[in-house]
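The values are calculated or read from the model by the stated rules, or taken from the named source; none is laboratory data. These numbers were taken from a predicted model, which means no experiment stands behind them. Positions of Cβ are backbone-derived with ideal geometry, glycine not excepted, and every protein chain shown enters the neighbour counts. To get the accessible areas, we keep the full protein, side chains included, count just its heavy atoms, and leave off ligands, DNA and RNA. Shrake-Rupley method; radii C 1.70, N 1.55, O 1.52, S 1.80 Å.
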Amino acid sequence: MSTLAHTMMTAARNSDSGLAGPGGLDRYPYAEAPVPDRVASPAWEGADPELGRVGRRAAGSRGRGLHGQLVQQLGQMIVSGDLGADRPLVPEEIGQRFEVSRTVVRESLRVLEAKGLVSARPNVGTRVRPVSDWNLLDPDIIEWRAFGPQRDDQRRELSELRWTIEPLAARLAAGHGREDVQQRLSDMVEIMGHALGQGDALTFSRADAEFHNLLIQIAGNRMLEHLSGIVSAALQVSGGPVTGCDRPNETSLAQHSRIVDALAAGDGAAAEAAMRQLLTVHPEIERVVPAPREH
């Protein structure tokens, strides 16, 4: 089932994966400036030696072929700390290690620079940037952090951020009732209920993702709408702190229904309260999110 969440996630990734325009590749010259500390160049023991060959066999991890796989591999190594801050990235060494062309390396470094992971400067070359410079709201970086050494922090931060964003979106959405969207939200709840009865967790999660993204879209706040990628990423991350909608069950389904009813009634306070209740974490990790407020 093609969901809005999947579409938005794809759009967010495509928007930051633009390839270099005319002359843009020259920003990553192959003849790097002399780097005295080349002995400190990154070791590639953690890299996938089969990346090049796999890329030729398949369409790539994100549908972008070899270029997408190299972005994924280097991004994960940077975010995991395997390639620490200020480490030099020599394009020729990357190309040799991963058996990819100069163009693929340059395009991949360009994407990583757009995400704030690396910088390329004349007479300095390409280096890894500190975490303070990363675009931590980028869906790829969210995913890489969530499945790396920082997984616990990332999942906790996502839960906290959702708890801030979505109740407000629910309150605002109550004042922007569109019948077609209201019906779509009701449809998602119905699909979730059917999937729950069938034990179909995948369909449940897809309908859940579309529900939350639709709600943010109708909040009438474009800045909130731009943050919807965070929600999409959070809903795709599993295995960490879980909220009500991360576990398909009757309680979660009932909270979704309460939100729909509150929106239909134009009751912003009730919609906000229901969303806070839905996003409240389970007792064993209660420290992650404050208890829901009474309204």
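Values as computed for the structure displayed
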read-out	value
Yes/no for ALA209 being among the small types (Gly, Ala, Ser) and closer than 24 Å to GLU250 by Cα	yes
Unmet requirement for PHE204, which otherwise passes all of (1) open to solvent by less than 70 Å² (accessible area, probe 1.4 Å); (2) out of contact with any Pro (no Cβ under 6 Å at 6 or more places or on another chain)	(2)
Residues satisfying the stated conditions in segment 164-185, i.e. more than 24 Å from the chain's Cα centre (by Cα), within 11 Å of LEU214 (Cβ to Cβ) and touching a residue at least 60 places away in the same chain (Cβ under 8 Å)	GLN182
Residue that is nearest to LEU263 (Cα to Cα) [pool: residues in segment 186-218 that are among the hydroxyl-bearing types (Ser, Thr, Tyr) and under 24 Å from the mean Cα position of the chain (by Cα)]	SER205
Selection from segment 148-170 of residues that are within 24 Å of ALA254 (Cα to Cα) and either open to solvent by 70 Å² or more (accessible area, probe 1.4 Å) or not in a helix (DSSP H, G or I) (or both)	THR164, LEU168
Number of the condition not met by ALA120 [criteria: (1) touching a helix residue (DSSP H, G or I) at 6+ places or on another chain (Cβ under 7 Å); (2) within 30 Å of SER232 (Cα to Cα)]	(2)
Those helices (runs of 4 or more DSSP H) lying entirely in segment 171-269 with at least 3 residues at pLDDT 95 or above	179-198, 250-264
